[in-house]
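Student: Below are the structure tokens for one structure; questions will follow.
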Amino acid sequence: MSQEIHIVAVIGCGMIGMSWASLFLAKGLKVIITDPAEGAELRFKRYLDDAWPTLQLLFGPIDQELANNYEFVDDITPRLGTVDFIQENGPENVEFKQELFKILDRNAQSEVVIASSSSGLPSSAFVGQCENKPDRILIGHPFNPPHLIPLVEVVPHSVTSYTTVSKALDFYRSLGKHPVVILKEVPGFVANRLQAAINAEAYSLISRGIISAEDLDTVVTSGPGLRWGVTGPIITNALGGGGGLDGFTTRIERLGPAIRRWEDDMHEHRFDWSEEKLTLLEDEVRKYLTAVDWTEMTRKRDFVLLQALRARF
């Protein structure tokens with residue numbers, strides 16, 4: 001664990017904030033949490049109770065007392081001067097974040113990194129009113145659930161300092177995360193843009209009656225999802241052509257013309273988010289999701305993720 005970070009503020013304790021806070025606690029950090037929603041503290045306690053056994057399977061035996069090393073506060077402002085790192089998880093709303101980050105920047109110690117879990121809103125959109133040290137603000141976008149999925153997208157804005165990026169990377173690595181730096185701000189960052197592209201084609205195929213929603217999930221989980229989970233698309237493509245740069249080039253040469261035709265067709269039939277298409281999609285998805293046992297599905301997801309993490313990392 002980073003020697004400089006002992007106390008973390010978690011601003012917003014929805015699904016992402018609860019998961020972050022659980023991970024911070026498991027790694028021996030004191031966590032100060034704030035969330036204005038009614039019942040937020042009770043929801044977090046229940047979430048932590050459920051997540052703790054999974055964290056013990058992931059990290060090994062953890063002192064149970066660490067699970068109690070958190071404090072819920074109604075007003076975080078008086079405590080901002082005592083924390084060593086801030087992870088913000090508020091609504092994806094520019095005006096809200098502008099006001100919140102102005103307060104965080106004004107009251108946090110000058111060397112403290114302020115990271116946002118924003119899913120796609122770049123920090124340049126909401127740091128304009130930060131007059132103290134906007135260079136210590138960046139995006140630290142996790143993948144849900146953060147206490148299990150290793151990825152964190154670290155996205156600096158134009159004046160974020162190198163020191164801030166370095167501190168954020170060191171901190172996330174100390175938690176067992178695999179942070180990557182996004183070199184230029186772009187809406188949605190990288191992982192969510194990749195997801196959005198896949199989802200849009202999935203929605204199109206389902207709403208056009210080409211495949212059922214259940215079978216679409218099977219196509220991904222039993223096919224490309226398995227390979228991507230090990231090698232990612234670039235190495236997968238290279239291996240498909242025999243390996244190495246020559247393999248990647250060979251695949252592009254052999255499949256490039258066909259892929260361009262597929263892309264033309266995908267563009268012609270792209271999911272257009274019209275009410276008609278959304279209704280068709282929702283009707284098909286409803287048949288699938290109404291039969292899902294969500295408690296069992298969450299347990300299965302966490303179990304498989306744990307096995308994959310052990311095998312992969």
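Student: For the chain, give the percent of accessible area contributed by carbon and sulfur heavy atoms, probe 1.4 Å, rounded to a whole number. Walk me through the numbers before you get to the answer.
Tutor: Values: 9550 of 17270 Å².
Reported share for carbon and sulfur atoms: 55 percent.
Student: What is the angle, in °, between the Cα long axis of helix 40-59 and the longest principal axis of the Cα atoms in the chain? Nearest 10 is fine, range 0 to 90.
Tutor: Tilt relative to the chain: about 70 degrees.
Student: Send over a whole-number figure in Å² for the accessible area per residue of the chain, probe 1.4 Å.
Tutor: Working: 17270 Å² over 313 residues.
Result: 55 Å² of accessible area for each residue.
Student: Here's something else I'd like to know. Pop the C-beta distance of Ile210 and Arg301 into the FRET formula with R0 = 25 Å and round what comes out to the nearest 0.05.
Tutor: Values: r = 26 Å, r/R0 = 1.05.
The calculated FRET efficiency here is 0.45.
Student: Looking at the chain, what % of its DSSP beta bridges pair antiparallel, to the nearest 5? Spell out each step's value before the answer.
Tutor: Numbers: 5 of 28 bridges.
Roughly 20 percent of the beta bridges in the chain run antiparallel, per DSSP.
Student: Just how many pairs of Lys in the chain have C-alpha atoms closer than 27 Å, counting pairs that are eight or more places apart or on different chains?
Tutor: 28
Student: Measure nothing fancy, just the Cα-based angle from helix 162-174's long axis to the longest principal axis of the chain, in degrees from 0 to 90, nearest 10.
Tutor: Here the helix axis deviates by roughly 80 degrees.
Student: Say R0 is 22 Å: what FRET efficiency, to the nearest 0.05, do His267 and Ile198 get from their beta-carbon distance? Before the final figure, lay out the partial values.
Tutor: Numbers: r = 15 Å, r/R0 = 0.68.
Efficiency, from the Cβ-Cβ distance: 0.90.
The values are calculated or read from the model by the stated rules, or taken from the named source; none is laboratory data. What you see is a predicted model; the values in this text were computed from it and never measured. Glycine also receives a Cβ, built like all others from the backbone with ideal geometry; neighbour counts cover every protein chain displayed. Only protein heavy atoms, including side chains, enter the accessible area calculation; ligands, DNA and RNA are left aside. Shrake-Rupley method; radii C 1.70, N 1.55, O 1.52, S 1.80 Å.
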